[in-house]
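Student: Got a structure for you, written out below as structure tokens; questions coming shortly.
The values are calculated or read from the model by the stated rules, or taken from the named source; none is laboratory data. The model shown is predicted, which means the values in this text are computed figures rather than measured ones. All Cβ positions, even for glycine, are placed from backbone atoms using ideal geometry, and neighbour counts span all protein chains on display.
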Amino acid sequence: MMFRSVQWHRAALLTIAFTLMTACGDNNALPDLDARTEPVLKKIDPQTEQQDVKVRKARFFEQLRPVVDAENERTLAIRAALKSLRDKAESGELTAGENAWLNDVASRYKIEADAEGRHDFATLLRRVDVVPVSLALSQAAMESAWGRSRFAQEGNNLFGQWCFSKGCGIVPSQRASGLTHEVAKFKTVNAAVRAYLENLNRHPTYVSLRDVRQGIRRGRVTKTPGIDMAVGLENYSELGNEYVEHISSVIRQNKLSQYNRHLVQGTPQ
């Protein structure tokens with residue numbers, strides 16, 4: 001399988017902001033919340049013929065990293081637009097189109113406006129933020145058996161995400177009696193990564209993960225944000241603290257912190 005060069009990857013990221021922007025009818029440009037990111041990865045290569053474990057792991061990360069970077073760039077574009085609209089909202093200058101876009105973002109991130117329809121920008125900015133690449137790569141490796149699991153291959157589900165309506169995904173072969181969940185199915189790996197980021201960013205279970213990230217935003221210096229934020233994943237798996245240790249170990253052993261382009265040290269809100 002051909003892997004894209006680092007130069008191509010950097011050039012592609014420069015075009016993401018343009019790909020994500022759409023006219024909102026008010027002569028302002030706001031990110032299209034449904035825009036797809038590039039490069040599109042339709043399926044992870046399981047590398048079933050590759051016997052060298054180091055090569056297999058490196059290629060797994062090489063396939064997935066551009067997708068995580070692109071989805072993080074999308075999130076940052078939304079975040080930047082939120083900060084711009086926050087400044088306008090304070091002076092009451094938001095247009096109807098901007099309010100509609102804000103309502104859409106708030107709905108997707110499970111945040112309600114107040115009784116007068118005003119948005120809680122502080123909470124929005126706590127949720128609409130990046131997830132360290134190192135953390136995403138580590139979880140994907142563990143949850144998908146390095147891309148070889150049935151759910152990864154049949155449904156692009158690299159993160160063990162569930163869904164709860166009949167036919168929404170893949171029925172686990174060992175699902176306990178009385179349970180109705182399915183393992184979510186995605187059209188592309190990009191869609192799976194987006195759902196994973198949104199899950200960590202909005203679900204109440206991961207508020208402590210977001211608290212650690214907020215601390216970094218406020219000036220805490222760190223070279224390992226993925227490991228720092230992993231402490232908030234205690235309830236992602238029934239393994240609890242052992243799961244957190246596994247995630248951190250994969251990050252360290254594979255030197256994944258080198259791929260964190262965002263949130264590596266105190267960065268502004």
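Student: What helices (runs of 4 or more DSSP H) lie completely within segment 195-269 and have 1 or more residues being modelled with pLDDT of 95 or more and closer than 18 Å to Leu124 by Cβ?
Tutor: Those helices (runs of 4 or more DSSP H) span 207-217.
Student: Are there helices (runs of 4 or more DSSP H) fully within segment 47-147 with at least 1 residues that are surrounded by fewer than 16 Cβ atoms within 10 Å (Cβ to Cβ) and of a type in the set (Gly, Ala, Ser)? List them.
Tutor: Helices (runs of 4 or more DSSP H) meeting the threshold: 53-90, 96-108, 121-127.
Student: Across segment 194-220, what is the number of residues that are of a type in the set (Asp, Glu) and either touching a residue at least 40 places away in the same chain (Cβ under 8 Å) or in contact with a helix residue (DSSP H, G or I) (Cβ under 7 Å, 6 or more places away or on another chain) (or both)?
Tutor: 1
Student: Identify the residue in segment 159-193 that is in contact with a helix residue (DSSP H, G or I) (Cβ under 6 Å, 6 or more places away or on another chain) and aromatic (Phe, Trp, Tyr) and, among all such residues, is farthest from Asp104 (Cα to Cα).
Tutor: That would be Phe159.
Student: Test Ala176 against the stated conditions and say whether it is of a type in the set (A, V, I, L, M) and in a loop (DSSP other than H, G, I, E, B).
Tutor: So Ala176 passes the test.
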